[in-house]
Structure formats: C-alpha cells, structure tokens
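In what follows, a structure is listed as structure tokens, so that the remarks can point back to it.
The values are calculated or read from the model by the stated rules, or taken from the named source; none is laboratory data. What you see is a predicted model, and the numbers here were worked out from it, not measured in a lab. Virtual Cβ from ideal backbone geometry, glycine too; neighbours counted across all protein chains shown. Just so you know, the surface numbers come from the protein's heavy atoms only, side chains and all, with ligands and any DNA or RNA stripped out. Shrake-Rupley method; radii C 1.70, N 1.55, O 1.52, S 1.80 Å.
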Amino acid sequence: KFSFVGPVKNVRILQDKESGKPKGFAFIEYHDANTALSAIRHLDQVELNGRKIKVGYPAQSNLKDIARQIGQVVPESSAESGYATGGGGGIVSVADRLQ
C-alpha cells in the first residue's frame, strides 16, 4: 500500500525490546517530502490487514511546515511521533494496533 504514492526508501517497524513483538508503529521513509505528504493525504485511515491505520507527521520533522507552504491544511492534532527525520523531511509515522 505504501508504494502506491511513490517509491519507499526505508521502513522501520518498532518492536518491543523484551518480547521482540511489533509495537504497532512504523516509520515509512520516502525519497522526498512531496511523496511523504501524498502518503499522509491518501493513506491515513485506510484499511490494512483488516485494521485502519493512522498515517501522520513525525513530531520532529519539517513536513508540517512544507505542507503549510504549499497550502495544505495541517490539523494540529494529527498523529505524531518522536522520530527525527534528519534533513529530507520524507518520513511519515504509521500507527496500527496489530498486536
């Protein structure tokens, strides 16, 4: 589903350190911010494996600023995580409860 909006550069699935089971959160990295913004617009609340996923802005990224600059409405209460993106701004956070 995530390659629907463009090529995926990297996927990081967070796991519990003790059990090794997925925590229900992941970070999908795209090659550019526009593709990441497209993922947020088109994939938030879609069904994956029978469950709706939340696709949002990482807390420490510049994606919200970029979205505002191009005229997108950015809800302040959107799903955020603490993952830092570095410089490119092409990472989105994904929340799912598959545990």
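Here are the numbers for the structure shown:
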quantity: Of the criteria (1) open to solvent by 40 Å² or more (accessible area, probe 1.4 Å); (2) of a type outside the set (Lys, Arg); (3) under 13 Å from the mean Cα position of the chain (by Cα), which one Val55 fails; calculated: (1)
quantity: Among (1) buried (at least 19 other Cβ atoms within 10 Å of the Cβ); (2) under 16 Å from Phe4 (Cα atoms), the one test that His31 misses; calculated: (1)
quantity: Any chance Lys9 is open to solvent by 80 Å² or more (accessible area, probe 1.4 Å), over 20 Å from Ile70 (Cβ atoms) and either touching a residue at least 40 places away in the same chain (Cβ under 8 Å) or in a helix (DSSP H, G or I) (or both); calculated: yes
quantity: Cross-chain or 6+ apart pairs with Cβ under 7 Å, segment 49-68 first and farther than 20 Å from Phe4 by Cβ, then assigned to a helix (DSSP H, G or I) and open to solvent by less than 30 Å² (accessible area, probe 1.4 Å); calculated: Ile66/Ala33; Ile66/Leu37
quantity: Number of positions in segment 16-27 that are open to solvent by 50 Å² or more (accessible area, probe 1.4 Å) and either modelled with pLDDT under 90 or touching a His at 6+ places or on another chain (Cβ under 6 Å) (or both); calculated: 5
